[in-house]
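Enquirer: The structure's right below; bear with me while I get my questions together.
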Amino acid sequence: MKGRDAEEKQTFIADARRAQIFEATIRTLDEIGYIRASMAQIAKRAGISAALISYHYRDKNDLMDYALMKLATDLSSSVLERTAAASGPREKLQAYIEASIAYQAENPARSTALIEIVFHARTADGMPYYKLQDDEDDPLENELRRILRLGQEQGEFGAFDLDAMASAIRGALDEYGFNVKLKARIDPIRFSQELVDLFSRAIGHR
């Protein structure tokens, strides 16, 4: 029993330490960017030694891979929770758009960190992450396509090319994260409402 308790305590401590390192990684990427985000800089913001980070992650690439996976998972979970609670295809599409913009607005440092990793990290052979073809399906892409397909099958949406529509919606959502000037000109609530109105007309029918 004591051995099990000790093991659970060690697991709890390790999980807490990884969470601490993750949050420090986000702050570092947000403040100084990917290129300057060394293990030492991350350790400084976490208030621990770089050696302790190396105990949990082999190197910067290993840490950034974990950070990217967690950032993407947290974003997907937040959006999918909102779409699951909505009723029909049109309501789900609205929830998808609003949740995507809201997450970016409520988590600006995480959004910046995600962009920094995707556009600056490289694989072992030098391939930029943003050029990689995902081996696993993107849950957000899958959910959007499912909503659009369901709307067409149920006759609630009009005729359109699913690939083109999904790409247009994802592009508009990503633009809000990338475009600093856009975010300065229009608040997230208004922007998401504009997108909802725009794509509600684009998908047709009612």
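The rows are residues; the columns are (1) surrounded by fewer than 16 Cβ atoms within 10 Å (Cβ to Cβ); (2) at pLDDT below 95.
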| residue | (1), (2) |
| --- | --- |
| 24 | no, no |
| 31 | yes, no |
| 34 | no, no |
| 38 | yes, no |
| 41 | no, no |
| 45 | no, no |
| 56 | yes, yes |
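Enquirer: Now, a different point. Which of the residues spanning segment 121-153 are farther than 22 Å from residue 192 by Cβ, modelled with pLDDT of 95 or more and not basic (Lys, Arg)?
Expert: Answer for segment 121-153, where residues must be farther than 22 Å from residue 192 by Cβ, modelled with pLDDT of 95 or more and not basic (Lys, Arg): 152, 153.
Enquirer: Is there any pair linking a residue in segment 108-137 that is in the same structural domain as residue 177 (by TED's automatic domain parsing) to one that is polar (S, T, N, Q) and modelled with pLDDT of 90 or more, with Cβ under 8 Å and at least six apart or on different chains, and which?
Expert: These pairs meet every condition: 111/104; 113/25; 121/61; 124/61.
Enquirer: Of all residues in segment 48-105, count the ones that are closer than 26 Å to residue 165 by Cβ, assigned to a loop (DSSP other than H, G, I, E, B) and free of Cβ contacts under 8 Å to residues at least 24 places away in the same chain.
Expert: Result for segment 48-105: 2.
Enquirer: Something else now. Of all residues in segment 158-181 being closer than 14 Å to residue 104 by Cβ and of a type in the set (Phe, Trp, Tyr), which is surrounded by the fewest Cβ atoms within 10 Å (Cβ to Cβ)?
Expert: 178
Enquirer: Checking residue 204 against (1) farther than 15 Å from residue 101 by Cα; (2) out of contact with any Pro (no Cβ under 8 Å at 6 or more places or on another chain); (3) surrounded by fewer than 13 Cβ atoms within 10 Å (Cβ to Cβ), which test does it fail?
Expert: Here residue 204 clears every test but (3).
Enquirer: Among the residues of segment 127-166, which ones are over 16 Å from residue 204 (Cα atoms) and not in a helix (DSSP H, G or I)?
Expert: 127, 128, 132, 133, 134, 135, 136, 137, 138
Enquirer: In segment 61-88, which residue that is more than 17 Å from residue 115 (Cβ to Cβ) and charged (D, E, K, R) is surrounded by the most Cβ atoms within 10 Å (Cβ to Cβ)?
Expert: Only one residue tops the list, namely 82.
The values are calculated or read from the model by the stated rules, or taken from the named source; none is laboratory data. Predicted, not measured: the structure shown is a model, and the values here were computed from it. So basically every Cβ, Gly included, is an ideal-geometry build from the backbone, and we count neighbours across all protein chains shown.
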